[in-house]
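Peer 1: Just dropping this structure here.
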Amino acid sequence: MITGNEIRKSFLEYFVKQGHTVVKSSSLVPDKDPTLLFTNAGMVQFKNVFLGQERRPYVRAASAQKCLRISGKHNDLEAVGRDTYHHTLFEMLGNWSFGDYYKAEAIEWAWQLLTREWGLPKDKLYATVYLDDDDAEKLWRKISGLPAEQVVRFGAKENFWEMGETGPCGPCSEIHLDRGPTACDKQGVAGHECRVNGDCARYIELWNLVFIQYNRKEDRTLEELPSKHVDTGMGLERITAVLQKVLSNYDIDFMRELTATTEKLTGKKYGTDPTADVSFRVIDDHARAVSFLIADGVMPSNEGRGYVLRRLLRRAARHGRLIGLKEPFLYEVAKTVAVVMGDAYPELRTEEQRIREVIRTEEERFGETLDRGLILLEEATAKLKTEKKKTLSGEIAFRLYDTYGFPLDLTEDILRGEDIDVDQAGFEKLMEEQRNRGREARVVTLNVFDQVSASDSAIVTQYIGPDTLDAESEVVALFGDGGGKQEATEGDEIELLTAKTPFYGESGGQVGDRGMITTARGDVVEVIDTQHPTPQLTAHRGRVKKGRVQVGDKVLLQVDGKHRQKTKLNHSATHILHSVLRRELGQHVRQAGSLVTPDRLRFDFSHTGAIPDEKLALIETEVNQHIREDAGVSIQELNYDEAIRHGALAFFGDKYGDRVRVVRIGDFSTELCGGTHVRASGEIGLFKLHFEGGVAAGVRRVEAFTGQGALDLIQIYEQRLKDIGDLLRGGAEDAVDKVKKLLDRQRELEKEIEKLRGELERDQIPNLLAKKQSVDGTSMLVSQVEGVNGKQLRDIADQLQAKLGSGVVVLASVGDSNVNLVASVSKELTKRYHAGNIIKELAGMVGGGGGGRPDFAQAGGKDPAKLDAALKRAEELIRQAK
Ligand SMILES: [Zn+2]
Ligand SMILES: [Zn+2]
């Protein structure tokens, strides 16, 4: 049997023979198009080539691309696992022509590969072509020899492909396979007609060939492109199922290995219980998806891509429960993912440790609340059933989300079997209320949000940055202690809202602007921070420094240019750092958080293990190289609609308002960012790393300085080195040598001291032995020892005990203001004397505590004056013992 890995390989090799260059799969997180949630087709990495914005050193390409199809919408995970052919993560095999070959070759090669190389039966294959694509039909008839009834025409819905509302587009041609009447999953369904594109499992689409020959213009008309392209795609899982002669994508070899791992963990068999089978398939699919996502640097979180990852992890965890897996297990299945797919996707192996760690941590976290959440849900459904109701309240769904970490689709997934749905509107309402509470909390001192949103939602602050630092406007609202007010006077702490502002409000990790607001009368408000209580509002936080300010005042707003400039340097440097980290450490590196202030930048990213010093030096060097390149910074604004067309809707939510900014630096950095930036990288001047360390499982942090701040840091280091040189009475140059020598000398001295102490101990032994007394035939030695610490006292006691052979030793020494006590009883005497009990009593007498074993014990005390009495007591205790 040909394996999935062999099919991938034979596809790529076949197209290499036809002059194609094999291009590596791009990341699941699109690099060139940050507005797209996930890479969902093989052509994503070539998009700019089709748009004529990028050139490649080849005109024919082939690849196996990892793809993830899941929108931010909560209900489209539904099908995965329930049937045998839906996936979130899948692989797409494809070949491309960039202005090179066209329909004839594309059809010829597809046909040859399927029928000659892979031996699919000609009489079971169908080709579809677009309504008016006579060329394609002729080519199919000629090349394949298929009869007329096996070359079928379809309309735009099935056979015309468009990249977006405008841009490259063209007819496509699909190859379908008839798997025979028994494969139909709609037998007996009224109105079902078994045919190509008839929407059942009998006729399945294998391969889509897109012929890009037009450009769709704004006015909806088509113009011929000067050069024509080919873009094809074939799902690896599906073609593997066909070639391995199984009906289910989950029965192909590498999926079966994942199932086998779960079977081993749970002790149950796949294929014996249809309900359990759903769980097995969910786990197979999600183990792959989460492994690939984490390998590409996505970390579980509560928004965007991170939330998609979290939902997949939690849905898998819950399906694990259904088949009896109570402990974390998915990280074990992920190990198999790395084994079976690691040859084609090496990042699964290099990142394996981090992938497992992140999955396990998330599984453990969710495991703590999953069971309790399930109990709550069971109680709620039982109540619904007795009340004969079919809808779970939004409050319960929200409580499950908020307290127990159940994504809404997980709750829905669980209830589907019970035929109960969820009041989504009610849930959304509570979510929105929670978001609002979050916003309130962000405005630290006051409470703008409530007041404005409740009373006057018409207020919107127009941001006129980032290129303007001064603007005139009018005060539209004032808030102080106790809420909204008409006027504030000198000394008052306030939040001030104007109709428009050049002040940047804190967002995207960049801190808010500072500056000054003055009235025509000469009153002054000092602004110490700027925040967005809501996305539409900008609140200037500060203090009335002079005079008073009133609602309605005409004011001049002036941003502190130096503060802004320093912040800009750090922000742009953060983007450069991000791109360099990805190049130096791997494509799994993704931003996990950032803080950009005028003084420094902090950047958290997905990565495991400390970064070696040499690597850090290299990263610093490369960032500085990019700075010296003086690369231009360009900012492109997309409107919300455009972004939605790019698939960005769920990704942005309401976070970015209605404009999305794409910030590019040179050709090495492209990010979605609303912050303020330099015009060219050279402005940053200098970049100096200051700190590197871990902050959470799989997350590292670096801190750095730029511009004058970086120079200041270097000067501080330099001064420190000079000071050390001065202390060593030499220059900074030979400071290292001198410190080395000093340390060597210190080690020598320590050895010397150790030796002398040893001698001192030995010298005391004969004197101490002379104090030996005999009690009923037992040797007893009770004494104070001069000039030794607790550890040495113990050593002396050991040596005395060894010399005595059999006996009881009690020793004490006095430090600066403390007492050390040690008692030792030779083993054969422990029935009669108990070292621990003796020491306990003595310690009590000298104001301390302690105890120990019958044969050895030690303690400390605070009252040296009582020591003589304590030692007398020791002798008594030994004499009295029977
Ligand atoms: Zn059918
Ligand atoms: Zn940014």
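The values are calculated or read from the model by the stated rules, or taken from the named source; none is laboratory data. Keep in mind the model is a prediction, meaning the values are calculated, not measured. Methodologically, a virtual Cβ is constructed for each residue, glycine included, from the backbone with ideal geometry; neighbour enumeration extends over all protein chains shown. Surface accessibility is based on the protein's heavy atoms, side chains included, excluding ligands, DNA and RNA. Shrake-Rupley method; radii C 1.70, N 1.55, O 1.52, S 1.80 Å.
Peer 1: Would you give the gap between the C-alpha center of region 864-879 and the C-alpha center of region 339-403, rounded to a whole Å?
Peer 2: 66
Peer 1: Could you list which residues have their amide H under 5 Å from that of GLY512, counting only those 5 or more apart in sequence or on another chain, with H placed in the peptide plane?
Peer 2: Those qualifying (amide H under 5 Å, at least 5 residues apart or on another chain) are GLU506, THR530.
Peer 1: Let's test this: bin the Cα-Cα distances of region 109-266 at 5 Å from zero up to the farthest pair and state each bin's percent.
Peer 2: Going out from 0 Å in 5 Å bins, region 109-266 shows 2, 8, 15, 18, 17, 14, 11, 8, 5, 2, 1, 0 percent.
Peer 1: So for region 799-882, averaging the separation of alpha carbon pairs under 8 Å that are six or more residues apart and normalising by length, what relative contact order in percent results?
Peer 2: Computed over region 799-882, the figure is 27 percent.
Peer 1: OK, next. Please list, in order, the residues from region 379-407 whose amide nitrogen is less than 13 Å from a point placed 7 Å along the Cα→Cβ vector of ALA425.
Peer 2: Under cut-off, by backbone N: 394.
Peer 1: How much space per residue, in cubic angstrom, does the convex hull of the C-alpha atoms of region 342-385 take up?
Peer 2: 81
Peer 1: Is region 118-199 best put as rounded, prolate or oblate by its Cα gyration tensor, with a ≥ b ≥ c the root eigenvalues, rounded for a/c under 1.5, and otherwise prolate when a/b is larger than b/c, oblate when not?
Peer 2: oblate
Peer 1: Still on this structure, please answer the following. Per residue of region 392-401, what does 6.51 cos²θ - 1.76 cosθ + 1.60 with θ = phi - 60° give for ³J(HN,Hα)? Whole Hz please, x for Gly and Pro, Karplus curve as stated.
Peer 2: 7, 5, x, 5, 5, 4, 6, 4, 4, 5
Peer 1: So how far apart, in nm, are the two label points at LYS827 and GLU368 if each is 7 Å from Cα heading toward Cβ?
Peer 2: Each label point lies 7 Å from its Cα, and together they span 4.7 nm.
Peer 1: For a quick check: with amide H placed at 1.01 Å from N, whose amide H comes under 5 Å from ARG179's, ignoring anything fewer than 5 positions away on the same chain?
Peer 2: TYR203, ILE204
Peer 1: Still on this model: Which values of log₁₀ I(q)/I(0), to two decimal places, follow from the Debye formula for region 496-561 at q = 0.20, 0.27 Å⁻¹ with a uniform point scatterer at every Cα?
Peer 2: Here the Debye-derived log intensity ratios amount to -0.73, -1.24.
Peer 1: Quick one: angle between helix 352-386 and the longest Cα principal axis of the chain, in degrees between 0 and 90, rounded to 10, please.
Peer 2: Orientation of helix 352-386: about 80 degrees from the principal axis.
Peer 1: For a test of the definition: using alpha carbon positions, the gyration tensor, and the 1.5 limit on a/c, classify region 676-716 as rounded, prolate or oblate.
Peer 2: oblate
Peer 1: If you don't mind, there's one more thing I want to ask. Straight-line reach from LYS688: which aspartates and glutamates fall under 16 Å, measuring Cα to Cα and dropping same-chain residues less than 8 apart?
Peer 2: ASP599, ASP613, GLU614, GLU620, GLU622, GLU703, ASP712, GLU718
Peer 1: Separate question: If the limit is 31 Å between Cα atoms, which of LYS803/LYS866; LYS66/LYS157; LYS24/LYS142; LYS791/LYS872 go over it?
Peer 2: LYS24/LYS142
Peer 1: At 0.36 nm per residue, minus the direct Cα-Cα distance, what do ILE2 and ALA260 gain on full extension? Give it in nm, one decimal, please.
Peer 2: 91.0 nm
Peer 1: Roughly how many percent of the accessible protein surface of region 9-52 is carbon and sulfur, given a 1.4 Å probe and a whole-percent answer?
Peer 2: The computed percentage sits at 55.
Peer 1: Same structure, new question: What residues qualify as long-range amide H neighbours of ILE494, i.e. H under 5 Å apart, gap of 5 or more or another chain, H built at 1.01 Å from N?
Peer 2: GLY542, ARG543, VAL544
Peer 1: With a/c under 1.5 counting as rounded, go ahead and sort region 746-882 into rounded, prolate or oblate using the C-alpha gyration tensor (a ≥ b ≥ c being the square roots of the eigenvalues; past the cut-off, prolate if a/b is larger than b/c, else oblate).
Peer 2: Oblate.
Peer 1: Cut-off under 18 Å on the C-alpha distance; same-chain residues fewer than 8 positions from LYS264 excluded. Which lysines are left, in chain and number order?
Peer 2: LYS326, LYS335
Peer 1: Quick one: plug the Kirkwood hydrodynamic radius of region 678-798 (C-alpha pairs) into Stokes-Einstein at 25 °C, 0.890 mPa s, and report D in µm²/s.
Peer 2: 117
Peer 1: So for the chain, averaging the separation of alpha carbon pairs under 8 Å that are six or more residues apart and normalising by length, what relative contact order in percent results?
Peer 2: Relative contact order, the chain: 7 percent.
Peer 1: Shifting gears a bit: At what distance in angstrom do the alpha carbon centres of region 143-213 and region 581-632 lie from each other?
Peer 2: For region 143-213 versus region 581-632, the Cα centre distance is 47 Å.
Peer 1: Now for a separate question. I want the local charge near ASP599. Using Cβ-Cβ distances under 11 Å, sum +1 for each Lys or Arg and -1 for each Asp or Glu among the other residues.
Peer 2: +1
Peer 1: Also, quick follow-up: In deg cm²/dmol, rounded to 500, what helix-only [θ] at 222 nm does the chain give when every DSSP H run of at least 4 residues adds -39500 (n - 2.57) and the total is split over its residues?
Peer 2: Roughly -13000 deg cm²/dmol at 222 nm, from the helical runs in the chain.
Peer 1: Moving on. Per q in 0.10 1/Å, what log10 I(q)/I(0) does a Debye calculation on the alpha-carbon atoms of region 257-397 return?
Peer 2: -0.38
Peer 1: Using a 1.4 angstrom probe, figure out how much accessible area the chain has per residue, in square angstrom, rounded to the nearest whole.
Peer 2: 46
Peer 1: Then there's this: First obtain the Kirkwood hydrodynamic radius of region 53-154 from its Cα pairs, then insert it into the Stokes-Einstein equation at 37 °C and 0.692 mPa s, and state the resulting D in µm² per second as a whole number.
Peer 2: Roughly 197 µm²/s, to the nearest whole number.
Peer 1: Also: With 20 Å bins from zero, work out the P(r) of the chain over every alpha carbon pair and list the percent per bin.
Peer 2: Reading upward from the zero bin: 12, 30, 29, 20, 8, 2.
Peer 1: Compute log10 of I(q)/I(0) for region 523-572 with the Debye formula, placing one identical point scatterer on every Cα and leaving out solvent, at q = 0.17, 0.19, 0.24, 0.26 Å⁻¹, to two decimals.
Peer 2: Cα-only, vacuum Debye calculation for region 523-572: -0.67, -0.81, -1.08, -1.14.
Peer 1: Within a Cβ distance under 15 Å of GLU13, other residues only, what is the Lys/Arg minus Asp/Glu net charge?
Peer 2: The answer is +2.
Peer 1: Using θ = phi - 60° and the Karplus relation 6.51 cos²θ - 1.76 cosθ + 1.60, list the HN-Hα couplings for region 568-580 in order, rounded to whole Hz, with x at every Gly or Pro.
Peer 2: Calculated HN-Hα couplings, in order: 4, 4, 5, 5, 5, 4, 4, 5, 5, 4, 4, 5, 5 Hz.
Peer 1: What list of ³J(HN,Hα) values in whole Hz, one per residue of region 521-527 in order, does the Karplus curve 6.51 cos²θ - 1.76 cosθ + 1.60 (θ = phi - 60°) give from phi, with Gly and Pro shown as x?
Peer 2: These are the phi-based 3J(HN,Hα) values: 6, x, 6, 10, 10, 8, 9 Hz.
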